[in-house]
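Colleague: Sending over a structure as structure tokens; questions will come in a sec.
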Amino acid sequence: MARNKKKIVILGGGFAGVECARQLESYFGNNSEIELVMISEDNFLLFTPMLPQVASGMIETRHIVMPIRAICKKTKFYEGRIKNIDPFGKLVTLWGTSEKRGFSIHYDYLVVALGSETNFFGMADVEKNAYTMKTLNDAVMLRNRAIDVLEQAENETDPILRNSFLTFVVVGGGFAGIETAGELMDLLLDARKYYPTIHKGDIRVIVLEALPMILPGFNEKLAEFSKQKMIERGIDIRLRTAVTSFDGTEVTIKSLDENPKDPMDESKIDVIRTKTLIWTAGVTPVNTIKRSMFKTDKGKVIVNDFLEVLEFPGVFAIGDCALFMDPKTNRPFAPTAQLAEAQAKIAAHNLNALIKNLEKKKFEYRSKGQMAIIGKRTGIATLLGMNISGFLAWLIWRNVYL
């Protein structure tokens, strides 16, 4: 192979990586001078916004999984985990396994789109005992778990133990938490009819959120509507509440008052007995990023207006692993699929500009709107500046996503 070929390597097969590869294929797909390579741990794109619906059994797993090789046909694909990124030597090294050896890939241009992992904020016991909602396996495990505890509760005679089986705690009041709580309640109430001793009032789904409101980043009226709807459906929503530990049978929580009078006041600490805690309270960048030589802040790669990594021209970072501030709020943008895809388009445009000596574009984000499902045929949406709730929002959500 002639060495004058330029190689663009994309790390990560999530929304950002796959969209970037698709855009680059449209620029360079027929250009024999440019080689496109993608490295990802999974050989499929997982449509994570619909994981809660898989957990409840509303949709099948195959509906939210798309093989990367089928989407990005002109990109050479490697399935593997990134061990190291060397931006000075322009090398990416992959871990080996018992079946295949590790190796290194050289790049001329790099797109880092490695996403994020669940953030347990250093609580090892929570990490060990909680369910998460990040992968396909997580969604299927949660569905199996819900049915399993109904089985255990049905024939349990000890009332305290029985209650703890039928109590589910969801930590995090963002999209994932609210949708998971809504879907979980649907699943439990639907399945309950096969369990003669379990009544509707026996089932408790509790959402804990440290902030004073749920669905931060959503229109406040809509977030309030969601909260009321969920309370009507029997979901217990506790705001300004943080988890301090979970040992598999008890969650310790503390309420975060706006004006704590006495820091030693222990009365604000409470316990919920539950066997199932689902953790959706935040993400953190992957360790590969934290170990890399890129300048980071809060673990995210610092990028300029063109999404290029500081000090390494030709290296771009996009999606959850990149730090990009919202000029309106001066805080990082929320990690959404929509943002990842918008950044992917600009990164691909700027790579094309670099290679062909054209003008680069600055990244400016305009949200197309947001949607969330809060239970059976009820949703909320902000689209084109309009707020929509109820059945109509659910219909829009279903049609947009599916």
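The values are calculated or read from the model by the stated rules, or taken from the named source; none is laboratory data. Since the model is a prediction, treat every value here as computed from it, not as a measurement. Cβ coordinates were reconstructed from backbone atoms using ideal geometry, including for glycine residues, and neighbour counts include every protein chain displayed. Protein only, heavy atoms only, side chains kept; ligands, DNA and RNA dropped before computing areas. Shrake-Rupley method; radii C 1.70, N 1.55, O 1.52, S 1.80 Å.
Colleague: Of everything in the stretch 371-390, what is open to solvent by 20 Å² or more (accessible area, probe 1.4 Å) and either more than 17 Å from E179 (Cα to Cα) or modelled with pLDDT under 85 (or both)? Give them in sequence order.
Modeller: In the first step, residues of the stretch 371-390 are kept if they are open to solvent by 20 Å² or more (accessible area, probe 1.4 Å); the result is 371, 376-378, 382-389.
Within the stretch 371-390, K376, R377, L383, L384, G385, M386, N387 qualify.
Colleague: Of all the residues that make up the stretch 39-69, how many are of a type in the set (A, V, I, L, M) and open to solvent by 50 Å² or more (accessible area, probe 1.4 Å)? Step through it out loud before you land on a result.
Modeller: Filtering the stretch 39-69 down to residues of a type in the set (A, V, I, L, M) leaves 39, 45-46, 50-51, 54-55, 58-59, 64-66, 68.
From the residues that got through so far, the ones that are open to solvent by 50 Å² or more (accessible area, probe 1.4 Å) too are 58, 66.
Residues that pass the stated criteria total 2.
Colleague: Sticking with this structure for a sec: Search the stretch 163-179 for residues that are within 11 Å of V251 (Cβ to Cβ) and in a helix (DSSP H, G or I) and pair each with any residue that is at pLDDT 95 or above and not small (G, A, S) when their beta-carbon atoms are under 7 Å apart and the residues are at least 6 apart or on different chains.
Modeller: S164/T249; S164/R273; S164/T274; S164/K275
Colleague: Inside the stretch 67-87, can you point out the residues that are under 23 Å from F294 (Cα atoms) and of a type in the set (D, E, K, R)?
Modeller: R81, K83, D86, listed by residue number.
Colleague: Picking from I231, I214, I237, which residue would you name as being under 25 Å from the mean Cα position of the chain (by Cα), open to solvent by less than 10 Å² (accessible area, probe 1.4 Å) and either within 22 Å of T132 (Cα to Cα) or free of Cβ contacts under 8 Å to residues at least 40 places away in the same chain (or both)?
Modeller: Numbers: I231 fails: open to solvent by less than 10 Å² (accessible area, probe 1.4 Å); I237 fails: open to solvent by less than 10 Å² (accessible area, probe 1.4 Å).
Just a single option satisfies the conditions, and that option is I214.
Colleague: For the stretch 85-93, does any single residue satisfy the condition of being in a strand (DSSP E or B) and more than 30 Å from Q23 (Cβ to Cβ)?
Modeller: Step one: list which residues in the stretch 85-93 are in a strand (DSSP E or B), which gives 85-86, 91-93.
The next check asks that each one be more than 30 Å from Q23 (Cβ to Cβ); those that pass are none.
No, because not a single residue in the stretch 85-93 is in a strand (DSSP E or B) and more than 30 Å from Q23 (Cβ to Cβ).
Colleague: Which residue pairs have Cβ atoms under 8 Å apart, sit 6 or more places apart or on different chains, and have a first residue in the stretch 12-30 that is without any contact (Cβ under 8 Å) to a residue 60 or more places away in the chain and a second that is assigned to a loop (DSSP other than H, G, I, E, B) and hydroxyl-bearing (S, T, Y)?
Modeller: The qualifying pairs are A21/T75; E25/T75.
Colleague: Would a scan of the stretch 191-210 turn up a residue that is assigned to a helix (DSSP H, G or I) and among the aromatic types (F, W, Y)? If you could, list the steps in order and put the result at the bottom.
Modeller: Just the residues of the stretch 191-210 that are assigned to a helix (DSSP H, G or I), to begin with: 191-192, 200-202.
Those still in the list that are among the aromatic types (F, W, Y) too: none.
Looking for residues that are assigned to a helix (DSSP H, G or I) and among the aromatic types (F, W, Y), one finds none in the stretch 191-210, hence no.
Colleague: Hey, can you tell me all the residues within the stretch 346-402 that are under 24 Å from the mean Cα position of the chain (by Cα) and more than 26 Å from K221 (Cα to Cα)?
Modeller: Passing the criteria: I346, A347, A348, F363, E364, L402.
Colleague: State whether the residues of the stretch 41-54 include one that is part of a loop (DSSP other than H, G, I, E, B) and more than 17 Å from the chain's Cα centre (by Cα).
Modeller: So in the stretch 41-54, the residues part of a loop (DSSP other than H, G, I, E, B) come out as 41-43, 47.
Checking which are more than 17 Å from the chain's Cα centre (by Cα) leaves us with 43.
Yes, the stretch 41-54 contains at least one residue that is part of a loop (DSSP other than H, G, I, E, B) and more than 17 Å from the chain's Cα centre (by Cα).
Colleague: From the list G314, G379, which one is closer than 21 Å to V9 by Cβ, in contact with a helix residue (DSSP H, G or I) (Cβ under 7 Å, 6 or more places away or on another chain) and not basic (K, R)? Spell out the reasoning first.
Modeller: Numbers: G379 fails: closer than 21 Å to V9 by Cβ.
Of the residues listed, the single one that is closer than 21 Å to V9 by Cβ, in contact with a helix residue (DSSP H, G or I) (Cβ under 7 Å, 6 or more places away or on another chain) and not basic (K, R) is G314.
Colleague: Right, another one. For the stretch 82-108, give me the residue count where each residue is open to solvent by 40 Å² or more (accessible area, probe 1.4 Å) and in contact with a helix residue (DSSP H, G or I) (Cβ under 8 Å, 6 or more places away or on another chain).
Modeller: Residues meeting the conditions: 2.
Colleague: Can you find a residue in the stretch 200-222 that is out of contact with any Phe, Trp or Tyr (no Cβ under 8 Å at 6 or more places or on another chain) and on the phi > 0 side of the Ramachandran plot?
Modeller: Yes: the stretch 200-222 contains one or more residues that are out of contact with any Phe, Trp or Tyr (no Cβ under 8 Å at 6 or more places or on another chain) and on the phi > 0 side of the Ramachandran plot.
Colleague: Evaluate the following for G248: is it of a type in the set (G, A, S), open to solvent by 60 Å² or more (accessible area, probe 1.4 Å) and either assigned to a helix (DSSP H, G or I) or touching a strand residue (DSSP E or B) at 6+ places or on another chain (Cβ under 9 Å) (or both)? I'd like the intermediate steps shown before the answer.
Modeller: Values: of a type in the set (G, A, S): yes; open to solvent by 60 Å² or more (accessible area, probe 1.4 Å): no; either assigned to a helix (DSSP H, G or I) or touching a strand residue (DSSP E or B) at 6+ places or on another chain (Cβ under 9 Å) (or both): yes.
No, not satisfied.
Colleague: Further, regarding this structure: Would you pick out the residues in the stretch 270-283 that are at pLDDT 90 or above and touching a Ser or Thr at 6+ places or on another chain (Cβ under 9 Å)?
Modeller: So in the stretch 270-283, the residues at pLDDT 90 or above come out as 270-281.
The answer is D270, V271, I272, R273, T274, K275, T276, I278, W279, T280, A281.
Colleague: Here is a follow-up. Is it the case, given these coordinates, that S226 is under 26 Å from V149 (Cβ atoms), part of a helix (DSSP H, G or I) and either open to solvent by less than 50 Å² (accessible area, probe 1.4 Å) or out of contact with any His (no Cβ under 7 Å at 6 or more places or on another chain) (or both)? Spell out how you get there, then give the answer.
Modeller: Details: under 26 Å from V149 (Cβ atoms): yes; part of a helix (DSSP H, G or I): yes; either open to solvent by less than 50 Å² (accessible area, probe 1.4 Å) or out of contact with any His (no Cβ under 7 Å at 6 or more places or on another chain) (or both): yes.
When the stated conditions are applied, S226 passes them.
Colleague: Right, another one. Residues being part of a loop (DSSP other than H, G, I, E, B), out of contact with any strand residue (DSSP E or B) (no Cβ under 8 Å at 6 or more places or on another chain) and over 18 Å from E117 (Cβ atoms): count how many of those fall in the stretch 316-359.
Modeller: Residues meeting the conditions: 7.
Colleague: Working only within the stretch 71-81, note down all residues that are within 30 Å of N144 (Cα to Cα) and either open to solvent by 80 Å² or more (accessible area, probe 1.4 Å) or free of Cβ contacts under 8 Å to residues at least 24 places away in the same chain (or both).
Modeller: Within the stretch 71-81, the first condition is being within 30 Å of N144 (Cα to Cα), and the residues that meet it are 79-81.
Those that are within 30 Å of N144 (Cα to Cα) and either open to solvent by 80 Å² or more (accessible area, probe 1.4 Å) or free of Cβ contacts under 8 Å to residues at least 24 places away in the same chain (or both): E79, R81.
Colleague: If K100 passes every condition in (1) out of contact with any strand residue (DSSP E or B) (no Cβ under 8 Å at 6 or more places or on another chain); (2) in a helix (DSSP H, G or I) but one, which one does it miss?
Modeller: The one condition K100 does not meet is (2).
Colleague: Here is a further query. Answer with yes or no whether K254 is closer than 27 Å to A372 by Cα, basic (K, R) and open to solvent by 10 Å² or more (accessible area, probe 1.4 Å).
Modeller: no
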